[in-house]
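Trainee: Dropping a structure here in structure tokens format, bear with me for questions.
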Amino acid sequence: MKRTVLEMLHSAANNNDFKDVEYVSEKTDKGWESLTFSQVAEVSDYLAISLLNLGLQKNNTVAIISEGRTSWIVAEYAILKAGGISVPLSVKLQPDELMYRIKHAETKFVVISKNCVSKTIALADEIAHLGIGVIYLDNDTETFETLKTSNKHVYLYEKLVEDGKKLQPKYSEALQRSIAEVEENDVVTISYTSGTTGNPKGIMLTQLNYWANAHDALRYFKLEFYSKMFVVLPLDHSFAHTVGFYVATLCGIHISFVDSRGGAINQLKNIPINIKETNPNFMLSVPALTGNFMRKIQDGINEKGGIAKFLFNKGINAGIKYYGNGYNKPNFFLRLWKYPIYKLADVVVFKKIRKIFGNDFRFFVGGGAALDIKQQQFFNALGVPVYQGYGLSEASPIISVNTTYAHKFGSSGGVLTGIKAKIVDPDGNELPIGKKGILCIEGLNVMKGYFKNPDASAEVLKDGWLNTGDMGYIDQDNFLYVTGREKALLISSDGEKYSPESMEDAIMNSGDLIYQVVLYNDHCKFTTALVTLDAHRVKDYAKRNNITEPQKMLEAVKKSFFAFSTDPAYKNKFPRQWIPSVFRIIPEPFTEQNQMMNSTMKLVRFRILQNYSDVLKSMYTVEGKTDCQENLDALQKLM
């Protein structure tokens with residue numbers, strides 16, 4: 001039997017235990033509609049036949065630009081069955097970014113949803129000129145006709161499925177032959193890097209890459225069969241892709257997508273509504289998402305005030321002490337001392353808060369970026385733990401994860417069985433346990449290479465090992481700690497280097513008024529920082545404390561910025577020489593709209609530093625060390 005994702009779908013669709021189990025669900029005008037594993041297999045057959053009829057050939061690429069939905073999953077399986085390669089693209093990319101990827105991947109078709117039509121129309125002439133066909137996922141006739149005005153090769157998804165069903169007798173043998181020709185080393189997706197450190201590269205992930213990572217992840221995490229998962233992350237996100245598409249086929253996971261009709265604003269409003277409607281067991285998350293949940297919970301409790309606020313704060317603190325680091329439990333007497341107040345808070349307050357996530361919610365699985373220890377402690381005490389993992393698109397992507405049976409707060413969990421990991425110095429020499437260096441991995445999950453970029457491939461792939469470009473270490477209990485990107489290192493005037501991400505997270509999670517932080521030091525005597533503030537909390541703080549002068553508010557911001565230095569969670573964690581001496585408040589947050597954040601909600605560091613280079617330079621002048629007029633001006637606008 002070939003180790004391919006198509007074989008995984010085939011097995012699920014023909015397994016008596018799985019075939020009639022709901023695989024994917026989305027909300028439509030008629031309510032929640034689902035397809036079972038066998039139905040996804042059947043409908044993707046029909047669509048694959050239509051793609052063959054339209055001339056899709058072996059290794060042709062098809063871009064998909066859509067929010068998470070049933071038709072995305074069907075379309076990707078259809079592309080693979082027809083011998084093609086899927087190119088998942090973010091709905092949040094700008095038209096020029098989309099066009100770069102479409103051209104670079106040499107796509108033959110673009111699959112789009114209604115939410116992405118405006119960007120596609122902006123590129124319509126260029127797409128038509130290149131002879132690229134367009135497959136429209138929605139039944140909006142008016143939009144469909146608009147698309148056809150500039151490109152005669154525009155097709156409706158549902159019509160292609162219908163046509164494929166009619167053509168099945170004629171194309172049955174051709175489809176089976178196409179599926180049979182799929183090999184383990186064939187590329188499934190060309191997934192483009194987010195471009196946080198430069199131009200995006202197309203990561204080629206194969207059938208075997210996904211097969212191996214899905215099996216390893218399931219074996220290590222021991223996920224329960226027939227679990228229900230609510231998907232907020234976009235499907236171009238490699239984490240959501242692997243778990244949402246492929247792990248699901250191995251254990252009968254039922255996936256429900258957040259209702260994205262009406263675009264991003266409606267999607268945000270629909271998250272809490274959809275969670276209650278679908279009642280999931282778990283969610284995939286990224287630090288920015290769980291961070292937003294945490295802030296909203298804290299703000300809600302602060303507004304209630306009184307006994308609820310008192311019990312909540314006491315209970316969270318007691319829970320944190322009760323569980324210790326999650327792996328090494330505190331002594332019996334401390335646990336006994338903290339248990340009563342923790343249990344009282346759990347029954348009176350936490351139980352009600354957990355209802356936000358439904359009646360049977362058990363945990364989050366976190367990825368995308370390092371999750372700060374305070375978030376891990378907070379959600380664990382609340383009773384909805386975040387099991388943080390670590391991965392890289394180049395690794396399909398899951399490398400390590402904390403689990404229900406073995407987790408340590410602050411870590412990224414244990415490395416999956418089937419993957420070898422080592423920490424090396426800049427010369428490639430393996431380092432001992434506990435020593436910080438560059439993480440390298442080896443396994444069947446490691447990518448084939450970067451599309452049309454052999455030099456970049458050779459730079460990170462050596463003798464079967466993938467250089468992740470991430471700094472970290474493995475502790476004595478075999479938990480992996482990822483401390484930051486090698487390319488994001490701070491460098492002091494004497495050449496010493498330091499990873500800033502952990503300190504940035506600490507500043508954001510300890511300082512109530514701080515929203516985002518980027519630290520900077522490029523061969524300088526001291527470190528500086530760019531800061532954005534939580535506008536709502538700034539206004540609320542000023543109102544509660546009767547502050548009208550920016551100067552007084554600045555003192556509060558400074559106190560909030562440096563709060564991490566006295567926070568017990570970060571005691572003695574950060575060397576004093578790397579703590580910023582001065583910061584500048586940036587008037588607007590870093591967002592996807594201003595291209596300072598990517599689609600996975602990570603800050604695009606190189607772009608931020610480039611855009612605010614003059615501000616950074618000013619902090620290293622004599623006047624800049626003490627002159628805070630820019631900060632006062634920014635606060636005046638916020639207040």
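Trainee: May I ask you to verify whether Ala406 is closer than 18 Å to Asp567 by Cβ and either of a type outside the set (D, E, K, R) or touching an Asp or Glu at 6+ places or on another chain (Cβ under 7 Å) (or both)? Walk me through it before giving the result.
Mentor: Values: closer than 18 Å to Asp567 by Cβ: no; either of a type outside the set (D, E, K, R) or touching an Asp or Glu at 6+ places or on another chain (Cβ under 7 Å) (or both): yes.
When the stated conditions are applied, Ala406 does not pass them.
Trainee: Residue by residue through region 448-459, note down the ones that are of a type in the set (D, E, K, R) and outside any helix (DSSP H, G or I). Can you show your working first?
Mentor: Step one: filter region 448-459 for residues of a type in the set (D, E, K, R), giving 448, 452, 455, 459.
Result: Lys448, Lys452.
Trainee: Just to check your reading of the model, which residue among Phe574, Phe564 is aromatic (Phe, Trp, Tyr) and assigned to a loop (DSSP other than H, G, I, E, B)? Working first, answer last.
Mentor: On the way: Phe564 fails: assigned to a loop (DSSP other than H, G, I, E, B).
Only one candidate passes the filter, namely Phe574.
Trainee: Is it the case, given these coordinates, that Thr196 is out of contact with any Pro (no Cβ under 6 Å at 6 or more places or on another chain), modelled with pLDDT of 95 or more and among the polar types (S, T, N, Q)? Can you show your working first?
Mentor: Numbers: out of contact with any Pro (no Cβ under 6 Å at 6 or more places or on another chain): yes; modelled with pLDDT of 95 or more: no; among the polar types (S, T, N, Q): yes.
Against the criterion (out of contact with any Pro (no Cβ under 6 Å at 6 or more places or on another chain), modelled with pLDDT of 95 or more and among the polar types (S, T, N, Q)), Thr196 does not qualify.
Trainee: Using the structure shown, decide if Val5 is crowded, with 22+ Cβ neighbours inside 10 Å, among the aliphatic types (A, V, I, L, M), farther than 27 Å from Asn139 by Cα and within 26 Å of the chain's Cα centre (by Cα). Talk me through it step by step, then tell me what you get.
Mentor: Working: crowded, with 22+ Cβ neighbours inside 10 Å: yes; among the aliphatic types (A, V, I, L, M): yes; farther than 27 Å from Asn139 by Cα: yes; within 26 Å of the chain's Cα centre (by Cα): yes.
Taking the combined requirement at face value, the residue satisfies it.
Trainee: Right, here's the next one. Could you pull out the residue among Ser400, Ser492, Ser393 that is at pLDDT 95 or above and buried (at least 16 other Cβ atoms within 10 Å of the Cβ)?
Mentor: On the way: Ser492 fails: at pLDDT 95 or above; Ser393 fails: at pLDDT 95 or above.
Within the list Ser400, Ser492, Ser393, the selection yields Ser400.
Trainee: Let me ask something else about it. Across region 324-347, what is the total count of residues that are part of a helix (DSSP H, G or I) and either in contact with a Phe, Trp or Tyr (Cβ under 9 Å, 6 or more places away or on another chain) or without any contact (Cβ under 8 Å) to a residue 24 or more places away in the chain (or both)?
Mentor: 13
Yes/no matrix, rows are residues, columns are (1) closer than 25 Å to Tyr387 by Cβ; (2) surrounded by 18 or more Cβ atoms within 10 Å (Cβ to Cβ); (3) of a type in the set (Gly, Ala, Ser):
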{"site": "Gly449", "(1), (2), (3)": "no, yes, yes"}
{"site": "Pro454", "(1), (2), (3)": "no, no, no"}
{"site": "Gly464", "(1), (2), (3)": "no, no, yes"}
{"site": "Asp475", "(1), (2), (3)": "yes, no, no"}
{"site": "Gly484", "(1), (2), (3)": "yes, yes, yes"}
{"site": "Ile507", "(1), (2), (3)": "yes, yes, no"}
{"site": "Gly511", "(1), (2), (3)": "no, yes, yes"}
{"site": "Asn521", "(1), (2), (3)": "no, yes, no"}
{"site": "Ala535", "(1), (2), (3)": "no, no, yes"}
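Trainee: Considering region 10-39 alone, what residues qualify as being buried (at least 21 other Cβ atoms within 10 Å of the Cβ) and of a type in the set (Val, Ile, Thr)?
Mentor: Within region 10-39, just Val24 meets the criteria.
Trainee: Further question on the same structure: Given Tyr450, Tyr515, Tyr520, which one is at negative phi, touching a Gly at 6+ places or on another chain (Cβ under 7 Å) and not assigned by TED's automatic domain parsing to the domain that holds Tyr220? If you could, list the steps in order and put the result at the bottom.
Mentor: Values: Tyr515 fails: touching a Gly at 6+ places or on another chain (Cβ under 7 Å); Tyr520 fails: touching a Gly at 6+ places or on another chain (Cβ under 7 Å).
Of the residues listed, the single one that is at negative phi, touching a Gly at 6+ places or on another chain (Cβ under 7 Å) and not assigned by TED's automatic domain parsing to the domain that holds Tyr220 is Tyr450.
Trainee: Hey, another quick one. Just to be sure I understand, how many residues within region 505-555 are in a helix (DSSP H, G or I) and either touching a residue at least 24 places away in the same chain (Cβ under 8 Å) or among the aromatic types (Phe, Trp, Tyr) (or both)?
Mentor: We begin by selecting, within region 505-555, every residue in a helix (DSSP H, G or I); these are 505-510, 535-544, 550-555.
If we keep only those that are either touching a residue at least 24 places away in the same chain (Cβ under 8 Å) or among the aromatic types (Phe, Trp, Tyr) (or both) too, we end up with 505-510, 535-539, 541-542, 550-551, 553-554.
Residues in region 505-555 being in a helix (DSSP H, G or I) and either touching a residue at least 24 places away in the same chain (Cβ under 8 Å) or among the aromatic types (Phe, Trp, Tyr) (or both): 17 in total.
Trainee: Within region 460-482, work out how many residues are among the acidic types (Asp, Glu) and either assigned to a strand (DSSP E or B) or at pLDDT below 95 (or both). Spell out how you get there, then give the answer.
Mentor: Pass one, region 460-482, residues among the acidic types (Asp, Glu): 463, 470, 475, 477.
Pick out the ones that are also either assigned to a strand (DSSP E or B) or at pLDDT below 95 (or both) and you get 463, 470.
Matching residues across region 460-482 total 2.
Trainee: Quick check on my filter: what residues within region 579-591 are surrounded by fewer than 18 Cβ atoms within 10 Å (Cβ to Cβ) and either out of contact with any Gly (no Cβ under 8 Å at 6 or more places or on another chain) or part of a helix (DSSP H, G or I) (or both)?
Mentor: Those that are surrounded by fewer than 18 Cβ atoms within 10 Å (Cβ to Cβ) and either out of contact with any Gly (no Cβ under 8 Å at 6 or more places or on another chain) or part of a helix (DSSP H, G or I) (or both): Ile579, Ser581, Pro587, Glu588, Pro589, Thr591.
Trainee: Go through region 59-85 and report how many residues are more than 19 Å from the chain's Cα centre (by Cα) and on the phi < 0 side of the Ramachandran plot. It would help to see each step written out before you state the result.
Mentor: To start, the set of residues in region 59-85 that are more than 19 Å from the chain's Cα centre (by Cα) comprises 59-63, 70-71, 74-85.
Narrowing the set further to residues that are on the phi < 0 side of the Ramachandran plot leaves 60-63, 70-71, 74-82, 84-85.
Looking only at that region, the number is 17.
Trainee: Looking at Tyr322, is it farther than 30 Å from Tyr77 by Cβ, buried (at least 19 other Cβ atoms within 10 Å of the Cβ), hydroxyl-bearing (Ser, Thr, Tyr) and modelled with pLDDT of 95 or more? Give the derivation first.
Mentor: Values: farther than 30 Å from Tyr77 by Cβ: yes; buried (at least 19 other Cβ atoms within 10 Å of the Cβ): yes; hydroxyl-bearing (Ser, Thr, Tyr): yes; modelled with pLDDT of 95 or more: yes.
Yes, satisfied.
Trainee: Can you go through Ile297, Ile316, Ile255, Ile320 and tell me which one is outside any loop (DSSP other than H, G, I, E, B), under 18 Å from the mean Cα position of the chain (by Cα) and within 24 Å of Thr404 (Cβ to Cβ)?
Mentor: Working: Ile297 fails: under 18 Å from the mean Cα position of the chain (by Cα); Ile316 fails: under 18 Å from the mean Cα position of the chain (by Cα); Ile320 fails: under 18 Å from the mean Cα position of the chain (by Cα).
Just a single option satisfies the conditions, and that option is Ile255.
Trainee: Taking region 13-58, which residues are hydroxyl-bearing (Ser, Thr, Tyr), touching a strand residue (DSSP E or B) at 6+ places or on another chain (Cβ under 8 Å) and over 24 Å from Asp140 (Cβ atoms)?
Mentor: Those that are hydroxyl-bearing (Ser, Thr, Tyr), touching a strand residue (DSSP E or B) at 6+ places or on another chain (Cβ under 8 Å) and over 24 Å from Asp140 (Cβ atoms): Tyr23, Thr36.
Trainee: Sticking with this structure for a sec: Being without any contact (Cβ under 8 Å) to a residue 40 or more places away in the chain and of a type in the set (S, T, N, Q) is the filter; apply it to region 478-504 and report the residue that is nearest to Val538 (Cα to Cα).
Mentor: Ser499
Trainee: So how many residues does region 435-447 have that are in a loop (DSSP other than H, G, I, E, B) and touching a Gly at 6+ places or on another chain (Cβ under 9 Å)?
Mentor: First pass over region 435-447, keeping only residues in a loop (DSSP other than H, G, I, E, B): 435-436, 444-447.
After this cut, where a residue has to be touching a Gly at 6+ places or on another chain (Cβ under 9 Å) as well, the list is 436, 444-446.
Here the count works out to 4.
The values are calculated or read from the model by the stated rules, or taken from the named source; none is laboratory data. Please read all numbers here as calculations on a predicted model, not as lab measurements. So basically every Cβ, Gly included, is an ideal-geometry build from the backbone, and we count neighbours across all protein chains shown.
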